[in-house]
Amino acid sequence: MRSDLLGIDAILFDKDGTLFDFRLTWEGWAAGVLDRLSGGDAALARRLGNAIGFDSDQGFSPDSPVIAGTAEEVAECLVPHLPDLSARDIRSLLDAEAAAAHPVPATDLPALLADLDARGLALGVMTNDSESVARAHLAAVGIADRFRLVIGADSGFGAKPGPEPLLAFANGVGVAPARVLMVGDSSHDLSAARAAGMRAAAVLTGIATHSDLAPLAEVVLPDIGDLPGWLAATRYPFAGS
């Protein structure tokens with residue numbers, strides 16, 4: 001069946017690298033957190049960075065678990081180098097530090113979300129970050145009230161690339177998965193969309209390249225600010241149209 005006959009009634013966004021520019025939000029933050037975790041020991045900070053695919057000069061490597069992994073997965077990478085802390089301790093520290101980060105919007109988010117909301121679309125966020133951190137970031141830029149559901153990796157539905165949290169969103173807003181567009185910046189986002197039977201659009205405000213994402217997405221956009229134009233150009237029917 002042709003996707004343009006199915007229509008779109010809902011859009012589910014990834015958070016980091018999609019709503020927010022990944023490098024601008026997280027690379028300076030990561031350097032500071034590793035310095036604090038290491039107690040100022042530069043050699044330990046480098047080992048911690050290597051464990052999570054981060055270099056203070058080069059930034060995040062494409063395979064870093066920070067990009068698409070959960071806070072629990074990142075903590076597990078760090079715990080062998082911090083014997084005085086448990087994985088739970090590290091995760092709690094990371095969540096507290098992440099909630100205090102300053103997310104950098106990938107575009108004019110209030111204007112974009114107002115546009116999409118005016119079209120009658122149900123909007124949501126599904127992130128492999130913690131739900132509390134996601135809500136803090138959305139509130140920090142004044143867009144928390146635009147989303148019907150915010151789902152994190154710890155919300156009880158699992159994490160991407162599994163389809164379960166995406167299907168939980170579809171069920172929660174009462175929209176068939178085939179009428180949901182998942183928008184993300186990583187293969188985890190797009191693979192989860194495919195597994196859930198959803199549409200998939202990619203953006204380049206994360207670490208992955210066009211060639212990484214194109215095989216898994218209907219379109220690869222520079223950022224989500226281009227989403228309304230693409231939707232209009234493809235003549236997708238919207239809810240209520």
Quick check: Cα centre of the stretch 100-165 to Cα centre of the stretch 189-221, how many Å?
17 Å
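Tell me the mean residue ellipticity at 222 nm calculated for the chain from its helices only (DSSP H runs of n ≥ 4, each -39500 (n - 2.57), averaged over every residue, nearest 500).
Estimated from H runs of four or more residues: -12000 deg cm²/dmol.
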Can you give the local net charge around Leu213? Use residues other than it whose beta-carbon is closer than 10 angstrom to its beta-carbon, Lys and Arg +1, Asp and Glu -1.
-3
What distance in nm lies between label points placed 7 Å from Cα along the C-beta direction at Asp55 and Ala144?
3.9 nm
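Return one whole number: the accessible area per residue of the stretch 154-241 in Å², for a 1.4 Å probe. Intermediate values should be presented prior to the final figure.
Values: 3480 Å² over 88 residues.
Here the per-residue accessible area is 40 Å².
Quick one: pull the percent of accessible area on the chain belonging to carbon and sulfur, 1.4 Å probe, ligands and nucleic acids left out.
The nonpolar share, carbon plus sulfur, comes to 51 percent.
For the chain, calculate the relative contact order in percent as a whole number, restricting contacts to Cα pairs under 8 Å that are 6 or more residues apart. Don't skip to the end; give the middle numbers.
Numbers: 446 pairs, mean separation 66.6, N = 241.
It comes to 28 percent, rounded to a whole number.
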For the stretch 124-164, what class follows from the C-alpha gyration tensor (a ≥ b ≥ c being the square roots of its eigenvalues): rounded when a/c is under 1.5, otherwise prolate if a/b is larger than b/c, else oblate?
prolate
Considering the chain as a Gaussian network with a 10 Å cut-off on Cα pairs, which listed residue, Thr209, Thr70, Thr18, attains the greatest mean-square fluctuation?
Thr209
Report, in debye and to the nearest 20, how large the dipole of the stretch 56-170 comes out about its Cα centre when Lys and Arg carry +1 and Asp and Glu carry -1 on their Cβ.
420 debye
Between the modelled labels at Ser132 and Trp230 (7 Å from Cα along Cα→Cβ) the distance in nm is 3.4 nm
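The values are calculated or read from the model by the stated rules, or taken from the named source; none is laboratory data. Note that the structure is predicted; figures quoted are calculated from it, not measured. Note that we place each Cβ from the backbone using ideal geometry, even for glycine, and neighbour counts take in every protein chain shown. The accessibility values were calculated without ligands, DNA or RNA, using every heavy atom of the protein model including side chains. Shrake-Rupley method; radii C 1.70, N 1.55, O 1.52, S 1.80 Å.
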